[in-house]
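Participant: One structure, as C-alpha cells, below. Some questions next.
Taken together, the values in this text are just the output of simple stated rules run on the coordinates, not laboratory data. Only a predicted model underlies this, so the values are computations on that prediction, with no experimental measurement involved. Backbone-built Cβ (ideal geometry, glycine too); neighbour counts: all protein chains shown.
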Amino acid sequence: MINRSMYDLGAAPNKIRELFAYGMERKAEIGARNVFDYSIGNPSIPAPDEVRQAFLELLEMDPVALHEYTPSPGDPAVRAAIAKNLNDRFDLGATAGNVYVTSGASSAIAISLAAICNEGDEVITISPYFPEYKTWTHTAGAKLIEVAAAEPSFQLDLSAIESAVNEHTSAIIINSPNNPVGSVYPEESLRELAAMLERKQKEFGRDIYIISDDAYREIAYGAHIACIPQFYTNTITCYTYSKSLSLPGERIGYIYVNDVIDNCADVFTAVCGAGRALGYICAPVVLQRVIAKCIDVPSDVRAYEENRAILTAGLRELGYEFVEPEGAFYLWVKALEPDAEAFSEKAKEFELLLVPSNSFGSQGWVRLTYCIERDTIERSMPAFKALKEAYASKA
Ligand code: PLP
C-alpha cells in the first residue's frame with residue numbers, strides 16, 4: 001500500500017524537469033550545441049570567487065567541528081550574519097532569533113506554509129506561478145487559489161485579489177521579481193495590497209500572511225525591488241542563495257519571520273515545528289558557513305542583462321510578442337497558437353525547448369529561461385525564425 005497523492009506527485013514530475021530531461025537525451029543524440037535549451041533556471045553565471053575561497057578556508061577547519069549538526073534553525077553565528085545583512089540593507093530590525101536557515105527557498109516556502117496553514121485554509125497565488133506552490137500548499141493541508149495577473153502587463157490585479165480573500169485565507173504568496181514572467185511589482189501596488197490585507201484581517205478577525213518569495217531579489221535590471229516586511233507586518237520572507245550566488249544544487253536559503261509580527265515567537269516556533277515535521281534537521285552545515293562568509297558579496301547580473309537584451313531584440317525583430325522582463329531570468333512569450341503544449345511540441349522540431357504556460361497555471365504562453373550561454377541564444381535565432389515561418393505557412 002502506498003500513499004496515492006505522493007505516488008501521483010512522483011509519477012508526474014513537473015513539465016520543466018521533463019523538458020530538461022528530454023534536452024539531456026537530445027543533446028546526447030545530436031550534440032549539445034544543436035539543442036537550444038530554454039527549459040530550466042540553472043544560473044549560467046559561476047558562483048563568485050569568494051564562495052570558492054570560503055570553501056577552501058572551511059576545509060582547513062577541524063573536520064569534526066566543520067561537519068557537525070547545528071541547531072535546527074541554523075548556526076547562531078550564521079543566523080546573526082543573515083539578520084545583520086537584512087538590517088544593513090533594509091533596516092528591518094531583524095533579530096537572529098527570527099531567522100531559520102533552510103535548504104533553499106523550496107524548503108523555506110514549504111515550511112512556512114506548513115507553519116501557518118490549517119486544514120481547509122486557502123492560500124492565494126498570482127497566476128502564472130511557480131508550479132511547486134501548489135504541491136507545498138496541498139502538503140500543508142490548504143487549497144491553492146489562483147488569481148490571474150492583469151494582462152497584458154502581468155501586474156497584480158488588486159480587485160481580483162480582494163475578491164478572492166475570505167475568512168479561509170491564511171496567506172498570499174508574492175514573488176517579485178517573478179518566475180515565470182520576469183515582472184516586478186511596484187512598491188506602490190504592494191503597499192495597496194498590504195492596506196487591503198490589513199482591512200481584511202480586521203474584517204475576518206484572522207491573520208493573513210504575505211509569504212514573500214524573494215528567490216530573485218538580487219536579479220533585477222534597474223527596477224526597485226520592494227521589501228515587503230518594511231510595510232506589511234505579517235510577512236514571512238523566504239530567500240535562497242540558489243540564484244543570487246549561483247548555488248542551486250547546494251541547497252541553502254532562509255526564512256525570516258518579521259520581528260514585528262504580534263505573535264512572532266509563536267509563528268517562529270511553528271516554523272521550527274514545521275521544519276521538524278517535514279524532516280529537516282538542519283540546513284547543510286558547510287553551506288551555512290559559506291553563506292556567513294559571503295553574506296555581503298553582491299550578485300553580478302551583467303551576463304543575464306546582456307542575454308535579456310539579445311533575446312528580446314532578436315525575438316522582437318522576428319515579430320514575437322512577449323512581456324518585457326524587469327527581473328529574474330525568464331522571458332514570457334506568447335505562443336503562436338492557443339494551445340501552449342502543442343506550441344512547445346512544435347518548437348521541439350526546431351530543437352527549441354520552451355516550457356508551456358500550462359505548467360504555471362496559465363494558457364497560451366511559453367517561458368524561456370535565458371540564464372544560458374549567450375552563444376546559444378544567438379545561434380537559436382534561425383530556429384525561432386523557422387518556427388515562426390512554420391506557423392505563417394499554416395495560416
Ligand atoms: N521560488 C521560485 C519563484 C523559484 O523560481 C524557485 C526555483 O527556481 C524556487 C522558489 C526554489 O528555489 P530553491 O532552489 O532555492 O529551492
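Participant: Cut-off under 25 Å on the C-alpha distance; same-chain residues fewer than 8 positions from Lys348 excluded. Which lysines are left, in chain and number order?
Facilitator: Partners found: Lys15, Lys27, Lys334, Lys385, Lys388, Lys394.
Participant: Rounded to the nearest 500 deg cm²/dmol, what is the calculated helix-only ellipticity per residue at 222 nm for the chain, with -39500 (n - 2.57) per DSSP H run of length n ≥ 4? Walk me through the numbers on the way to the answer.
Facilitator: On the way: 15 runs with 174 residues, N = 395.
Mean residue ellipticity, 222 nm, calculated: -13500 deg cm²/dmol.
Participant: On to the next question. Once phi is turned into ³J(HN,Hα) by the Karplus curve 6.51 cos²θ - 1.76 cosθ + 1.60 with θ = phi - 60°, what whole-Hz value does each residue of the stretch 375-390 show in order, with x for glycine and proline?
Facilitator: 4, 5, 5, 4, 6, 7, 4, x, 5, 4, 5, 5, 4, 4, 5, 4
Participant: Pop out the ³J(HN,Hα) list for the stretch 244-260 in order, Karplus 6.51 cos²θ - 1.76 cosθ + 1.60 with θ = phi - 60°, rounded to Hz; leave Gly and Pro as x.
Facilitator: Computed from phi, the couplings for the stretch 244-260 are 5, 10, 6, 10, x, x, 7, 6, 8, x, 7, 10, 10, 8, 3, 4, 8 Hz.
Participant: Under 16 Å between alpha carbons, and skipping anything fewer than 8 positions from Lys84 in its own chain: which lysines qualify?
Facilitator: Filter leaves Lys293.
Participant: Okay, moving on. Counting DSSP beta bridges with both partners in the chain, what percentage is antiparallel, nearest 5? Spell out each step's value before the answer.
Facilitator: Details: 20 of 40 bridges.
Roughly 50 percent of the DSSP beta bridges within the chain come out antiparallel.
Participant: Just round it to a whole percent: the fraction of Cα-Cα distances in the chain exceeding 35 Å. Write out the running numbers ahead of the final one.
Facilitator: Working: 21299 of 77815 pairs.
Beyond 35 Å sits 27 percent of the P(r) for the chain.
Participant: List every residue whose amide H lies under 5 Å from the amide H of Ala148, counting only residues 5 or more places away in sequence or on a different chain, with H placed 1.01 Å from N in the peptide plane.
Facilitator: Ser127
Participant: Apply the Karplus parameterisation 6.51 cos²θ - 1.76 cosθ + 1.60, with θ equal to phi minus 60°, to every residue of the stretch 275-291 and state each ³J(HN,Hα) to the nearest whole Hz, in sequence, with x for glycine and proline.
Facilitator: x, 5, 4, 8, x, 8, 8, 6, 6, x, 6, 5, 5, 3, 6, 4, 4
Participant: Separate question: Can you sort Met1, Met6, Met24, Met381 by how many other beta carbons sit within 10 Å, fewest first? Mind dumping the intermediate values first?
Facilitator: Working: Met1 3, Met6 10, Met24 13, Met381 17.
With the fewest neighbours first, Met1, Met6, Met24, Met381 line up as Met1, Met6, Met24, Met381.
Participant: Then there is this: Using the Cα centre as the reference, give the magnitude of the dipole from point charges on the C-beta atoms of the stretch 1-40 (Lys, Arg: +1; Asp, Glu: -1; all else neutral), rounded to the nearest 20 debye. Mind showing how you got there, number by number?
Facilitator: Values: 6 positive and 5 negative charges, 12 e Å.
So the magnitude is around 60 debye.
Participant: When the Cα centres of the stretch 244-310 and the stretch 108-154 are compared, how far apart do they sit, in Å?
Facilitator: A separation of 19 Å, based on Cα centres.
Participant: I would also like to ask the following. With a cut-off of at most 16 other beta carbons within 10 Å, and DSSP calling the residue loop, which chymotrypsin sites (Phe, Trp or Tyr not before Pro) in the stretch 189-259 qualify? Please list them. Kindly include the intermediate steps, with their values, before the conclusion.
Facilitator: Numbers: sites: Phe204, Tyr209, Tyr216, Tyr221, Phe231, Tyr232, Tyr239, Tyr241, Tyr254, Tyr256; in loops: Tyr216, Tyr221, Phe231, Tyr232.
Counting only loop positions with at most 16 other Cβ atoms within 10 Å, the chymotrypsin sites (Phe, Trp or Tyr not before Pro) in the stretch 189-259 are Phe231.
Participant: Quick one: how many lysine pairs does the stretch 109-265 have with C-alpha atoms less than 24 Å apart and a gap of 8 or more or different chains? Give me the count, please.
Facilitator: Numbers: Lys134/Lys143; Lys134/Lys200; Lys134/Lys243; Lys143/Lys200; Lys143/Lys202.
Total qualifying Lys-Lys pairs in the stretch 109-265 comes to 5.
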